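Data block below; observations after.
Every read-out reported here was derived from the displayed coordinates using simple, explicitly stated rules and does not represent laboratory data. All values derive from a computational prediction rather than experimental measurement. Because the Cβ atoms are built from the backbone with ideal geometry, glycine has one as well, and the counts that use them run over all protein chains shown.
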Amino acid sequence: MKLLNKYIDYKNGNGRMTFIPEEGEDLWHVYNLIAAGDVVRCTTLRKVVTESSTGSTNAQRVKTNLTIEVESISYDVEAMSLALKGRNVEENQYVKMGAYHTLSLELQRKFTLTKENWDAIALERVEEACDSGKTADLAAVVLQEGLAHVCLVRQSMTITKAKIELPIPRKRRGSCTNHDKAMLRFFDTVGNAMIRHLDFSVVKCVLVASPGFVKDKLMEHVLSTERSEFKTLQENKSIFVFCHSSSGHKHAVSEVLSDPNITARLSDTKAAGEVRALGEFYTMLKNEPARAFYGPAQCLAASEQEAIDTLMVTDSLFRSTDLAERKKYVQLVEDVKGYGGTVHIFSSLHTSGEKLALLTGVAALLRFPMPELEDLAVDSDSDSD
């Protein structure tokens, strides 16, 4: 994402920035930046009805700059579109003050975002979005017999580019069975999906994972078949990495990224770092439960004692419409960083973020045991009941 200009009054935190989203993931960053109450200005099309002197009416769509105070935000990850609904807050010849309008933020369309408070999380998000060097150039293909997912593992999300499902007959004895023919059709379909959805000028590594030898048979087929459509895969065979997964479902991507051998190779990607941190949390929860806790009350209490070594938070908590709730988590992140702890902000669109969301969205690994937090967990449950 390109930052065109920036003005922030650091005394009170308010200010504005102007951006141009350049790729699909930029809109995800924008979705995390904009909150209800913010003001957004950009060009839009508005249907205008004019009446002539004879009394006839004429409707046409006109292009105009509109400024709205955002009330609701919707994001479509598959279509990569972002819609903002709110009331007009600046004079406009086509739109009355206070009239509702929906702005559509699109790639290569400039917009200006004004916030009452650019907190540390928002500023960090801007820095992350505008640093193109932080984008993970990683793809993953997870498959089993008859099922495959072709995914892009981006810095903030795992995007399913293709899901392939084909019926595979049961294997029977014989040199060329219906099972074998169906598997070849399946491999052809998966190979074509990789060619169609992966840009090999950008992707630097493709993880291919499956239970058993399905992955090996797939790559043997696409790399040895003398067909022109597979030439791109054959030219880039050096970037394919084989690994094991328990299934061909999307959640297997997270499983693959948690493999120590794969993690070592992808140690510079944020997605791998988050998966590794969550894996360490589960291990600690099993072996030393007094050093691994999840839940707001437990993590806040641990932070007050400067006990958190690693904090994990989902980005959905920072999109809360409750300003006090958002400030609570922003302060928690700043406190942990302040006394030298590590903070991972998980994307709710990444498989690791989905898992963390099941643990209330916030979890922590502690520097030392705090068994008293277990009592706090019981007390919190009793209060909620």
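At-a-glance table
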quantity: The chain: calculated mean residue ellipticity at 222 nm from DSSP helix runs of at least 4, using -39500 (n - 2.57); calculated: -10500 deg cm²/dmol
quantity: Summed side-chain charge close to GLN60 - residues other than GLN60 whose Cβ falls under 14 Å, Lys, Arg +1, Asp, Glu -1; calculated: +3
quantity: At R0 = 56 Å, FRET efficiency that the Cβ-Cβ distance of SER74 and SER238 yields, to 0.05; calculated: 0.85
quantity: Segment VAL202-GLU106, length gained on full extension (0.36 nm per residue, minus Cα span); calculated: 32.4 nm
quantity: Gain upon complete extension [ARG46, GLU90; 0.36 nm per residue less C-alpha separation]; calculated: 14.3 nm
quantity: Percentage relative contact order, the chain, counting C-alpha pairs under 8 Å, at least six apart; calculated: 13 percent
quantity: Choice from SER316, SER228, SER352 with maximal GNM fluctuation in the chain (Cα, 10 Å cutoff); calculated: SER228
quantity: Positive minus negative residues near THR351 (Lys, Arg vs Asp, Glu; Cβ under 9 Å); calculated: 0
quantity: Of (1) 44, 22, 19; (2) 38, 23, 21; (3) 41, 34, 18, the label for semi-axes √(5λ) of the Cα gyration tensor in Å derived from the coordinates; calculated: (3)
quantity: Ratio Rg/Rh, restricted to the stretch 2-134 and using Cα atoms, in which Rh is the Kirkwood radius; calculated: 1.04
quantity: Most to least packed among 178-191, 81-94 [average Cβ atoms within 10 Å]; calculated: 178-191, 81-94
quantity: The chain: DSSP helices with Cα axial extent of at least 24 Å and average Kyte-Doolittle hydropathy no lower than -1.0; calculated: 178-197, 270-287
quantity: Net length gained if the chain between LEU166 and TYR10 were fully extended (0.36 nm per residue, minus Cα distance); calculated: 50.5 nm
quantity: Nearest-0.05 FRET efficiency for ALA324 and HIS251, computed from C-beta distance (R0 22 Å); calculated: 0.05
quantity: Ranked list, fewest to most other Cβ atoms within 10 Å of each Cβ, for CYS299, CYS130; calculated: CYS130, CYS299
